Structure formats: structure tokens, C-alpha cells
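Heads up: the structure comes next, in C-alpha cells.
Every number here is computed from the coordinates shown, using simple stated rules; none is lab data. Just so you know, these numbers come straight off a predicted model, no measurement behind them. Cβ: placed from backbone, ideal geometry, glycine included. Neighbour counts: every protein chain shown.
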Amino acid sequence: MSDTDLALVSVLAQGLPMVSHPYRAVGAQLGLDEAQVMARIQAMRDSGVIRRFGIIVRHHELGFKANAMSVWSIPDEEVGKVGRLLGDAPEVTLCYRRPPRLPLWPYNLFCMIHGRDRAEVEETIGALNRRFVLGAYPHAVLFSTRRFKQTGARYGRPIHQAAAAE
């Protein structure tokens, strides 16, 4: 990768600006035009340097102020199937499997649910439990009590270092 590509990855890791032409704004930071930025991103995707281009939504600002991680202890032979069902449910924003940490933590399936208030989230989790017949499995609901700043991965050198290198 060129120094310009490393600088581009570094800028992209900070998030796209909320403007009508975000790639133009990114290019302005690097001395590139919008088409060059898009072509470099596509080339990095084609070569596998960039595998995924995702979004982090600040759900609290959108009015989703109640957030809960719903956890279950599902037998190993069933957890894949149950995880796929829950992961495909539109109410679930994140679903993943982790090994339990016995004896204190028996749970191996985690699902994030966002809602406007606590009652809405509790009803959503109850509906998921009924729809997928999960009542027989040990289960807990963990509501968020604090917010942390969520960011994507950081790669490359900071812009000022890359610019100095070229």
C-alpha cells in the first residue's frame, strides 16, 4: 500500500463526514478528488485490504435510550440454529456466540436489543422468547447503565505523518 492509501484508511477509520459528498470531503484532506478516493477504496476492497465497510449508528441520539443485552445458555448442539434465528430477527441488532465462563457465567448466546424505553425492550425480548420457544433455557437481561464511545478499528498512520512522508 502506498502512503496515500495508508492515509486514506486512517481518515476512513475516523468515520465519513455527514455531508452530501463525503468522499469529496475525505479527498480534500488528502489532496485527492472524489473519483480518486472512490477508486482507491474500490481497489483496496478488490485486493482484500478492506474487507468490510460498516457503519456505527449512535442509537441514543435517534431516541433509542433503552438498550439491553439478552443472554441465554443454549446447548452446544442447538446454539448455532438458535443464533441464526435470533440473528435474522429484525428486532435484534447484534447476535453472537461466546463460550460460557463457568461456574459464574453459563451464557453462550448474546443478543443486543434497542428500544425507546425499558418496557419496549422487555416486551421485545419476551416476544423473542415466545416466538423461538426459548423459555426452557437459562436467560438473563442486562440493561445498559452507561454509554461508552463506540469506534471502529483504527489503522494506518495519522494523516500528518503520512503527508510528511510523501
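So the values come out like this:
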{"read-out": "Counted residues, the stretch 73-129 - those being β-branched (Val, Ile, Thr) and out of contact with any helix residue (DSSP H, G or I) (no Cβ under 9 Å at 6 or more places or on another chain)", "value": "5"}
{"read-out": "The stretch 34-76: number of residues that are among the β-branched types (Val, Ile, Thr) and surrounded by fewer than 10 Cβ atoms within 10 Å (Cβ to Cβ)", "value": "1"}
{"read-out": "Selection status of LEU134, among the aliphatic types (A, V, I, L, M) and not in a strand (DSSP E or B)", "value": "yes"}
{"read-out": "Residues satisfying the stated conditions in the stretch 93-131, i.e. aliphatic (A, V, I, L, M), in a strand (DSSP E or B) and farther than 23 Å from ASP76 by Cβ", "value": "ILE113"}
{"read-out": "Residue within the stretch 98-118 that is surrounded by 15 or more Cβ atoms within 10 Å (Cβ to Cβ), in contact with a Leu (Cβ under 8 Å, 6 or more places away or on another chain) and among the polar types (S, T, N, Q) present", "value": "no"}
{"read-out": "Subset tally (residues that are part of a helix (DSSP H, G or I), more than 15 Å from the chain's Cα centre (by Cα) and in contact (Cβ under 8 Å) with a residue 40 or more places away in the chain) for the stretch 60-92", "value": "3"}
{"read-out": "Complete set of residues in the stretch 11-42 that are over 18 Å from the mean Cα position of the chain (by Cα), in contact (Cβ under 8 Å) with a residue 24 or more places away in the chain and not in a loop (DSSP other than H, G, I, E, B)", "value": "VAL11, GLN29, LEU30, VAL37, ARG40, ILE41"}
